[in-house]
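Following: one structure in structure tokens, then a few remarks.
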Amino acid sequence: LTAKHEFVVPAELADLPRLGVRWVLVPGFESLRWYGRGPLENYSDRNRSAMIAIHEDTVTAQYVPYILPQEHGNHTGTRWLELRKDGLVRLRVEGGGNLEFSASHFTAEDLFSARHTWMLKPRAETILNLDYRQRGLGTASCGPDTGPAYRIPHGKHRWTYRLTMTNCGS
């Protein structure tokens, strides 16, 4: 399946936190493998120490236990990623140029509503965020704001990626 998106960001909504889609996958997609920046989370303005290579981990291990639960586990510079269920079913996503992703057992709403990590209850499903782009991390709350190159500008943004599902057990 080739997905083609066109996002139109009006001027009054410029500087969005992210531009992409969220997929909720059935329980069991736990094994994660990707070719891109890693192995730790990284963002457009914080990725120089994240090497481009093939990385492997689990979805559960992507969670970063910040004092206040928040966005976590993003990976920039992703060429492709794979999620496996029970070692048999594989979902592969190939980016058409720009692709950032995070995989978690928490939705953004789960994170926002929790005041402490112990309040979070992991979902059985895997939440896969595929992003054309995410804003850099700076917010000017205790330092400089994110530079213009790391923000999502208003205007039209086109993005394409490919999804492939295979049964590796047959």
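The values are calculated or read from the model by the stated rules, or taken from the named source; none is laboratory data. These figures come from a predicted structure and were not determined experimentally. Cβ atoms come from the backbone with ideal geometry, glycine included; neighbour counts cover every protein chain shown. Areas reflect the complete protein model, heavy atoms only, side chains present, ligands, DNA and RNA absent. Shrake-Rupley method; radii C 1.70, N 1.55, O 1.52, S 1.80 Å.
In Å², what does the accessible area per residue of the range 41-158 work out to with a 1.4 Å probe?
Ligands and nucleic acids excluded, the figure is 54 Å² per residue.
Between beta-carbons, use under 15 Å as the cut-off and find the net charge around K121, counting Lys and Arg +1, Asp and Glu -1.
-1
For F7 and T166 in the same chain, what is the full-extension length gain: residue separation times 0.36 nm, less their Cα-Cα distance, in nm?
54.3 nm
Out of W80, G147, H157, whose Cα points farthest toward the positive end of the dipole of the range 30-166 (charges: +1 Lys, Arg; -1 Asp, Glu; placed on Cβ)?
The one lying farthest along the dipole's positive direction is H157.
Using Cα springs under 10 Å in a Gaussian network model of the chain, which residue among L88, L25, L120 shows the largest mean-square fluctuation?
L88
Towards the positive end of the charge dipole of the chain, with charges on Cβ (+1 Lys, Arg; -1 Asp, Glu), say which of F106, T166, L32 has the farthest Cα.
Comparing the listed Cα positions along the dipole, T166 ranks first.
Which of L81, L137, L68 moves the most in a Gaussian network model of the chain with Cα springs under 10 Å?
Ranking L81, L137, L68 by mean-square fluctuation puts L68 first.
From the backbone phi of the range 13-23, what are the Karplus-calculated ³J(HN,Hα) couplings (6.51 cos²θ - 1.76 cosθ + 1.60, θ = phi - 60°) in whole Hz, Gly and Pro given as x?
10, 4, 6, 5, x, 7, 9, x, 10, 10, 10
Probe radius 1.4 Å, ligands and nucleic acids left out: which of F106, F112 has the largest accessible area, and how do the rest follow?
My answer, sorted largest first, is F112, F106.
Tell me which trypsin sites (Lys or Arg not before Pro) from the range 63-121 have a DSSP coil assignment and no more than 15 other beta carbons within 10 Å of their own.
Answer in residue order: R79, R115.
Under 14 Å from the Cβ of H72, count the other residues' Cβ atoms, weight Lys and Arg +1, Asp and Glu -1, and hand me the total.
-4
Quick one: what does P(r) look like for the range 40-170 with 10 Å bins over all Cα pairs, in whole %?
11, 37, 37, 14, 2, 0
Place the peptides 159-165, 99-105 in order of packing, highest mean first, counting for every residue the other Cβ atoms within 10 Å and averaging per peptide.
Those peptides, ordered most packed to least, come out 99-105, 159-165.
Roughly how many debye, to the nearest 20, is the charge dipole of the range 119-170 about its Cα centre, given +1 on each Lys and Arg Cβ, -1 on each Asp and Glu Cβ, and no other charges?
With only Lys, Arg, Asp and Glu charged at Cβ, the dipole is about 160 debye.
At a 1.4 Å probe, what is the % contribution of carbon and sulfur to the accessible area of the range 1-152?
57
Treating only the Cβ atoms of Lys and Arg (+1) and Asp and Glu (-1) as charged, compute the dipole magnitude of the chain about its Cα centre; round to the nearest 20 debye.
340
Compute the signed sum of charges (Lys and Arg +1, Asp and Glu -1) over the other residues within less than 11 Å, Cβ to Cβ, of S102.
Overall, the nearby charge balance is -2.
By how many nm would the segment from L16 to Q70 grow when fully extended, if each residue of separation counts as 0.36 nm and the alpha-carbon distance is taken off?
17.8 nm is the gain from fully extending L16 to Q70.
So which lysines can K156 reach, going by Cα to Cα under 26 Å and dropping same-chain residues fewer than 8 places off?
Once the sequence-local lysines are set aside, what remains near K156 is K4.
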